[in-house]
Amino acid sequence: MFVQNSKNMNVLKFSNGFTLIEVLVSLAILSMIAISAVYIGFPEYDRYLMNSEREYLTDALIESRARTLVSGSEYFVNIWSNGYCIKDDSDLCVVPAHDLPVNFTISSFDLATSTKIVISTSGGISSEINLDQNGFIDGR
């Protein structure tokens, strides 16, 4: 910025720091970047949680099948709307109950030749586990 001094000479004057407008524009740009990162990140995190919950439930189904084969007693996975546990033939949970995150639900559907278990979120993401009539879990 040029300023005239008392001798009528143009002198270059430097200002120190940023103006309020520059700071506000920078904050606005940074907040837009942060908001877009949050909107991109949440669905990926829900997918990650969905995959891990699906694996936990599959492991519980495999464990109940293995306990049944080894001990000769009947074990099964008791499923309710937001969790599950492995129960024995005396109807006691032998493994602590596993509760799902708040926005997750489990549904079980008995079909003619198989059972389908669906884990879903309130955001519309879902995953299925299929049990055939021979007890195989998704081909395992």
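The values are calculated or read from the model by the stated rules, or taken from the named source; none is laboratory data. Not measured: the values here are computed from a predicted model. For neighbour counting, all protein chains shown are included, and Cβ atoms are generated from backbone atoms with ideal geometry for every residue, glycine included.
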Close pairs (8 angstrom Cβ cut-off, 6 or more residues apart or separate chains): without any contact (Cβ under 8 Å) to a residue 60 or more places away in the chain in the stretch 57-86, of a type in the set (D, E, K, R) and in a strand (DSSP E or B) anywhere: Tyr75/Lys87; Phe76/Lys87; Val77/Lys87; Asn78/Lys87; Asn82/Asp99; Gly83/Asp99
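Ile119: part of a strand (DSSP E or B), in contact with a Lys or Arg (Cβ under 8 Å, 6 or more places away or on another chain) and over 19 Å from Asn134 (Cα atoms), yes or no?
On the way: part of a strand (DSSP E or B): yes; in contact with a Lys or Arg (Cβ under 8 Å, 6 or more places away or on another chain): yes; over 19 Å from Asn134 (Cα atoms): yes.
Yes.
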Cβ-Cβ under 7 Å pairs, at least 6 apart or on other chains, the stretch 114-128 side within 13 Å of Asn82 (Cβ to Cβ), far side part of a loop (DSSP other than H, G, I, E, B) and not hydroxyl-bearing (Ser, Thr, Tyr): Thr121/Asn103; Ser122/Asn103
Evaluation of Phe109 against (1) modelled with pLDDT of 90 or more; (2) part of a strand (DSSP E or B); (3) not aliphatic (A, V, I, L, M) (one fails), failing number: (1)
Among residues of the stretch 94-125, those that are over 18 Å from Tyr45 (Cα atoms), among the small types (Gly, Ala, Ser) and touching an Asp or Glu at 6+ places or on another chain (Cβ under 8 Å), counted: 1
The stretch 59-93 - residue that is in contact with an Asp or Glu (Cβ under 7 Å, 6 or more places away or on another chain) and β-branched (Val, Ile, Thr) and, of those, farthest from Phe109 (Cα to Cα): Thr68
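Can you tell me which of Asn78, Asn51, Asn16 is more than 22 Å from Asn130 (Cα to Cα) and either of a type outside the set (Gly, Ala, Ser) or assigned to a strand (DSSP E or B) (or both)? Talk me through it step by step, then tell me what you get.
Values: Asn78 fails: more than 22 Å from Asn130 (Cα to Cα); Asn51 fails: more than 22 Å from Asn130 (Cα to Cα).
Exactly one residue qualifies, and that residue is Asn16.
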So Val102, is it under 13 Å from Leu61 (Cβ atoms), in a loop (DSSP other than H, G, I, E, B) and without any contact (Cβ under 8 Å) to a residue 40 or more places away in the chain: no
